[in-house]
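The values are calculated or read from the model by the stated rules, or taken from the named source; none is laboratory data. Nothing here was measured: the structure is a model prediction, and the numbers come from that model. Here the Cβ is made from the backbone with ideal geometry for all residues, glycine too, and neighbour counts use every protein chain on show. When the accessible area is computed, the model is the full protein with side chains, heavy atoms only, and any ligands, DNA or RNA have been set aside. Shrake-Rupley method; radii C 1.70, N 1.55, O 1.52, S 1.80 Å.
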Amino acid sequence: MKEVIDFYDKYDEENRLTVRHKTEFFVTTYFLDSIIKGGNSILDTAAGAGVYSLYYAQRGCKVTALDIVPKHIDILKERISS
């Protein structure tokens with residue numbers, strides 16, 4: 001697990017789906033939107049910086065996000081509070 005945390009401490013996960021790989025985000029949410037509706041409860045494991053978690057929370061879902069990388073949880077907490 002330490003190797004994973006060390007890797008992601010140096011990796012820019014926060015901008016992966018919003019800057020570099022927007023197509024992945026749009027395609028994934030296109031398909032998931034037909035299944036996930038406002039009011040659903042979601043457990044987002046390996047949530048990264050929480051891009052999908054925030055997207056579905058803004059659409060009325062109750063989201064619990066988990067990640068083993070403390071940096072990702074810190075980013076997600078910051079994004080929630082702003």
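Here is how the numbers come out for the structure above:
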quantity	calculated
Extreme residue, nearest to Ser81 (Cα to Cα), among residues of the stretch 3-36 that are among the hydrophobic types (A, V, I, L, M, F, W, C) and open to solvent by 80 Å² or more (accessible area, probe 1.4 Å)	Val19
Asp12 vs. criteria at pLDDT below 95 and of a type in the set (D, E, K, R)	yes
Residue list for the stretch 25-45, restricted to those being closer than 25 Å to Met1 by Cβ and touching a helix residue (DSSP H, G or I) at 6+ places or on another chain (Cβ under 9 Å)	Ile42, Asp44
Hey, Leu54 open to solvent by less than 100 Å² (accessible area, probe 1.4 Å) and not small (Gly, Ala, Ser) or not	yes
Subset tally (residues that are part of a helix (DSSP H, G or I) and under 19 Å from Gly39 (Cα atoms)) for the stretch 54-82	6
Hits in the stretch 37-51 - residues which are in a loop (DSSP other than H, G, I, E, B) and open to solvent by less than 30 Å² (accessible area, probe 1.4 Å)	Ala47, Gly48, Ala49, Gly50
Test: Tyr30 is touching a residue at least 12 places away in the same chain (Cβ under 8 Å) and either β-branched (Val, Ile, Thr) or part of a helix (DSSP H, G or I) (or both)	no
Where a residue in the stretch 1-17 is touching a residue at least 60 places away in the same chain (Cβ under 8 Å) and its partner, wherever it lies, is open to solvent by 70 Å² or more (accessible area, probe 1.4 Å), with Cβ under 7 Å and at least six apart	Met1/Ile68; Val4/Ile68; Ile5/Ile68
Condition met for Val51 (touching a Phe, Trp or Tyr at 6+ places or on another chain (Cβ under 9 Å) and within 21 Å of Asn15 (Cβ to Cβ))	yes
Residues located in the stretch 57-68, provided they are open to solvent by less than 60 Å² (accessible area, probe 1.4 Å) and closer than 28 Å to Ile5 by Cβ	Ala57, Cys61, Val63, Ala65, Asp67
